[in-house]
Amino acid sequence: MDSAEMRDRLRQFAGRIIRLVAKLPDGRVGDVLGRQILKSGTSIGANYREALRASSKRHFTTLVEISLREADETCYWLDLLSDHELVPAHRLKPLTQERHEIVRILAATVRTAKGIPRKSN
């Protein structure tokens, strides 16, 4: 996947997060969890875009690692939404699957940038 495709994919993921948050239940729990997942879920793509303009390979790697951490944090918030039945599990499944794919891609990008060989099974 080239960088433009990944950038678009992350923007689409952010849009899905925005739509999810817009439909969370009103109240303190929905507000707090919504704010958290909105921040982490939309910052994945923002940090990736910044990485594409990095001034060095090290800077690039650091920014992609930040994107990776944000993606992992997003999974935590998705799990909480599901665990506490704020959103039906079937509605979260596609987002969770996409988040897992994003993590795999970002982790592979970091490994490649660091020159770390892929583990064989």
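Any residue at all in region 21-34 that is closer than 16 Å to residue 103 by Cβ and surrounded by 20 or more Cβ atoms within 10 Å (Cβ to Cβ)? Taking every residue of region 21-34 in turn, none turns out to be closer than 16 Å to residue 103 by Cβ and surrounded by 20 or more Cβ atoms within 10 Å (Cβ to Cβ).
Looking only at residues in region 85-121 that are outside any helix (DSSP H, G or I) and farther than 30 Å from residue 24 by Cβ, the one that is modelled with the lowest pLDDT is 121. Summed over region 69-89, residues that are small (Gly, Ala, Ser) and either surrounded by 15 or more Cβ atoms within 10 Å (Cβ to Cβ) or within 19 Å of residue 47 (Cα to Cα) (or both) total 2. The sole residue among 95, 81 that is in contact (Cβ under 8 Å) with a residue 24 or more places away in the chain and over 11 Å from the mean Cα position of the chain (by Cα) is 81.
Residue 13 meets each of the listed conditions (1) in contact (Cβ under 8 Å) with a residue 24 or more places away in the chain; (2) in contact with a helix residue (DSSP H, G or I) (Cβ under 8 Å, 6 or more places away or on another chain); (3) not in a helix (DSSP H, G or I) apart from (3).
The values are calculated or read from the model by the stated rules, or taken from the named source; none is laboratory data. What you see is a predicted model; the values in this text were computed from it and never measured. A quick note on method: Cβ atoms are made from the backbone with ideal geometry, for glycine too, and the neighbour counts reach across all protein chains shown.
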